[in-house]
Amino acid sequence: MKNDAVLREEEGCRVRLVHLDRVNRARSEAIPEAEMERLALTFKVLGDPTRLKIFTALAGGEMCVCDLAAYLGLSESAVSHQLRRMREQALVRPRREGQVLYYALDDGHVADLLRLGLEHVRE
């Protein structure tokens, strides 16, 4: 048996091999809990098909609520609700021009999330 592995009884049912070096590495590289919660919420927001359609539309450039509603075939109220959730997670940002709010992806990282996700599912 290697030095970095130990045998231990787990809940009295059977013996398992635990690689302590791997467990310790994972613990030392663990994401702080507050960041983990925010990351999970970001993925939850991204996990909705309607919001993903908004993301793909905004990846091509900024759009107002009216444009997004026409693209999605939804009411402006429904689109505003989705945009509000996305703003709360800093995934989109508004820009006011007169009385019109234009929305865009918040930064390049958001576009990267979309691009990497698409690359993954297309493999």
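The values are calculated or read from the model by the stated rules, or taken from the named source; none is laboratory data. What you are looking at is a predicted structure, and each value in this text was computed from that prediction instead of being measured. All Cβ positions, glycine included, derive from the backbone under ideal geometry; neighbour counts span all protein chains shown.
Would you be able to say whether some residue in region 101-111 is touching a helix residue (DSSP H, G or I) at 6+ places or on another chain (Cβ under 6 Å) and part of a helix (DSSP H, G or I)? Yes, there is a match, as at least one residue in region 101-111 is touching a helix residue (DSSP H, G or I) at 6+ places or on another chain (Cβ under 6 Å) and part of a helix (DSSP H, G or I).
Rundown of residues vs (1) among the aliphatic types (A, V, I, L, M); (2) in contact (Cβ under 8 Å) with a residue 40 or more places away in the chain; (3) not assigned by TED's automatic domain parsing to the domain that holds residue 39, yes/no style:
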{"site": "64", "(1), (2), (3)": "no, no, no"}
{"site": "68", "(1), (2), (3)": "yes, no, no"}
{"site": "100", "(1), (2), (3)": "yes, no, no"}
{"site": "103", "(1), (2), (3)": "no, yes, no"}
{"site": "107", "(1), (2), (3)": "no, no, no"}
{"site": "116", "(1), (2), (3)": "yes, no, no"}
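Candidates 99, 82: the one that is among the polar types (S, T, N, Q) and surrounded by 13 or more Cβ atoms within 10 Å (Cβ to Cβ) is 82. Just so you know, in region 26-60 the residues that are small (Gly, Ala, Ser) and more than 20 Å from the chain's Cα centre (by Cα) include one that is surrounded by the most Cβ atoms within 10 Å (Cβ to Cβ), and it is 26. Checking 15, 6 one by one, the residue that is more than 23 Å from residue 117 (Cα to Cα), touching a helix residue (DSSP H, G or I) at 6+ places or on another chain (Cβ under 8 Å), modelled with pLDDT under 90 and β-branched (Val, Ile, Thr) is 6 and no other.
Taken over region 18-47, residues that are part of a loop (DSSP other than H, G, I, E, B) and either within 30 Å of residue 81 (Cβ to Cβ) or modelled with pLDDT under 90 (or both) amount to 2.
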